[in-house]
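Colleague: Below is the structure I would like to discuss, written out as structure tokens.
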Amino acid sequence: AGEIAAKRADKLVSARVPPAGKFPVILENKIVGLLAHEAVGHCSEADLVHSGSFLADKMDQKITSNVVTLVDDGKYPSGFGTMMYDDEGTPTEKTNIIEKGTCKSFLHSRETAKQFKTSPTGNARAWNFEFDPIIRMRNTYIAPGDYQLEELAEDIGEGYFLKGGLGGQADLTGEFMFGTQEAVKIQGGKFGKSYRGVTISGNAFDVLKETDAIGKDFVMRRGLCGKEQINFVGMGGASLRTRVLLGGR
């Protein structure tokens, strides 16, 4: 594994940066998990919805393509954010935030559930006894589809397979900018030469509106979220096909 990583690093040192522009892409599963948590998940936390996040007026509206289902699951097996009860004593649950493209639920504490006239979802969390519980995600992911990676590439005439999420930033409008480690050229549906990683940017909800296929290579990764106080979370997804803006040369 170390030898493979070293060869890949050597290859990327001499690789060029791809051109800038909006391209059809495959986002690798690691990047999809980052997108699910940072750019979409935070917009569904009811305290931030109340503050005017992108989802504030979107309940029961179509906000992504039909292939997208976004879940926050407090009971995900061995998840980094898994607990049976939240820090207000509410049982955790599997919450479909987006179901087949439609906004169906927000993440709630007891307080926000009362404000929104709904039930708490078990998302009140505190880092330790010195902190008050606030609304936090647990294990947040975009549900996998049934495509192989090669099938995702088949319908791309010219584009890129973007690999390796390097973190970044997002705001409550869904706007994001993330770094990637590697961009593999796709030409005529086939994978080609490797380029250096690029920054990708745009609005997460626009990216998910243009998503037309999701792979089966699902992965759940561990993460630390720093909303007001640090906490453990899971971030997951499978590779997906969409269009995104590349900040290349």
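Values in this text are rule-based calculations from the coordinates and carry no lab data. Small disclaimer: the values here were computed from a predicted structure and weren't measured. Note that we place each Cβ from the backbone using ideal geometry, even for glycine, and neighbour counts take in every protein chain shown.
Colleague: Please rank ARG138, ARG110, ARG196, ARG16, fewest neighbouring Cβ atoms within 10 Å first, as an exposure proxy.
Modeller: ARG16, ARG110, ARG196, ARG138
Colleague: What fraction of the Cα pairs in the range 2-247, stated in percent, has a spacing above 28 angstrom?
Modeller: In whole percent, the long-distance tail amounts to 32.
Colleague: Counting other Cβ atoms within 10 Å, which chymotrypsin sites (Phe, Trp or Tyr not before Pro) in the range 99-182 have at most 15 and lie in a DSSP loop?
Modeller: Passing both the DSSP loop test and the Cβ count: TRP127, PHE129, PHE131.
Colleague: May I pose another question? With a 10 Å cut-off between alpha carbons and a GNM built on the chain, which of ALA126, ALA170, ALA46 moves the most?
Modeller: Between ALA126, ALA170, ALA46, it is ALA126 that shows the largest mean-square fluctuation.
Colleague: Explain nothing, just the number: dipole magnitude of the chain about its Cα centre with +1 on each Lys and Arg Cβ and -1 on each Asp and Glu Cβ, in debye rounded to the nearest 20.
Modeller: For this selection, approximately 720 debye.
Colleague: In nm, to one decimal, how far is the LYS216 label point from the MET177 one, both placed 7 Å along Cα→Cβ?
Modeller: 3.9
Colleague: For each of SER239, SER65, count neighbouring Cβ atoms within 10 Å of the residue's Cβ, then give the residues from fewest to most.
Modeller: In order of increasing Cβ crowding within 10 Å: SER65, SER239.
Colleague: Turning to a different aspect of this structure: Considering only LEU48, LEU27, LEU35, give the residue with the highest GNM mean-square fluctuation for the chain, with springs between Cα atoms whenever their separation is below 10 Å.
Modeller: LEU48
Colleague: To continue, here is another question. Karplus couplings for the range 199-215 from phi (6.51 cos²θ - 1.76 cosθ + 1.60, θ = phi - 60°), rounded to Hz, Gly and Pro as x?
Modeller: 7, 10, 8, x, 9, 4, 6, 5, 4, 6, 5, 8, 6, 10, 7, 10, x
Colleague: Would you grab the residues whose amide H sits under 5 Å from the one on THR92? Only those 5+ places off in sequence or on another chain, please, with H modelled 1.01 Å from N.
Modeller: Counting only residues 5 or more places away or on other chains, the set is TYR85, ASP86.
Colleague: Express in whole angstrom the spacing between the alpha-carbon centres of the range 48-67 and the range 15-32.
Modeller: 26
Colleague: Beyond a 28 Å Cα-Cα separation, which of these cross-linked pairs lie in this structure: LYS30/LYS117; LYS22/LYS193; LYS22/LYS100; LYS75/LYS104; LYS30/LYS104; LYS62/LYS216?
Modeller: Distance filter (> 28 Å) returns LYS30/LYS117.
Colleague: Per-residue ellipticity at 222 nm for the chain, helices alone: DSSP H runs ≥ 4 residues times -39500 (n - 2.57), over residue total, nearest 500 deg cm²/dmol?
Modeller: Per the formula, -4000 deg cm²/dmol.
Colleague: At what distance in nm do the modelled label points of THR82 and GLU151 sit from each other, each positioned 7 Å from its Cα along Cα→Cβ?
Modeller: 2.7
Colleague: Could you run the Karplus curve 6.51 cos²θ - 1.76 cosθ + 1.60 with θ = phi - 60° over the range 25-33 and give me ³J(HN,Hα) per residue in whole Hz, x for Gly and Pro?
Modeller: My calculation for the range 25-33 gives 9, 10, 8, 5, 3, 5, 5, 4, x Hz in order.
Colleague: With r defined as the distance between the Cβ atoms of LYS185 and MET59 and R0 fixed at 45 Å, what FRET efficiency is calculated, to the nearest 0.05?
Modeller: With a Förster radius of 45 Å, E is 0.65.
Colleague: Could you derive backbone 3J(HN,Hα) for the range 76-92 from the dihedral phi with the Karplus parameters 6.51, -1.76 and 1.60 (θ = phi - 60°), listing whole Hz in sequence and x where the residue is Gly or Pro?
Modeller: The phi angles translate into 4, x, 6, x, 5, x, 7, 8, 6, 9, 7, 7, 10, x, 7, x, 6 Hz.
Colleague: Within 10 Å of each residue's Cβ, count the other Cβ atoms and sort ASP171, ASP72, ASP132, ASP47 from fewest upward.
Modeller: By the 10 Å Cβ count, ascending: ASP132, ASP171, ASP47, ASP72.
Colleague: Continuing with the same structure: Compute the helix-to-body angle for 2-13: its Cα long axis versus the longest principal axis of the chain, expressed 0 to 90° and rounded to tens.
Modeller: The answer is roughly 70 degrees.
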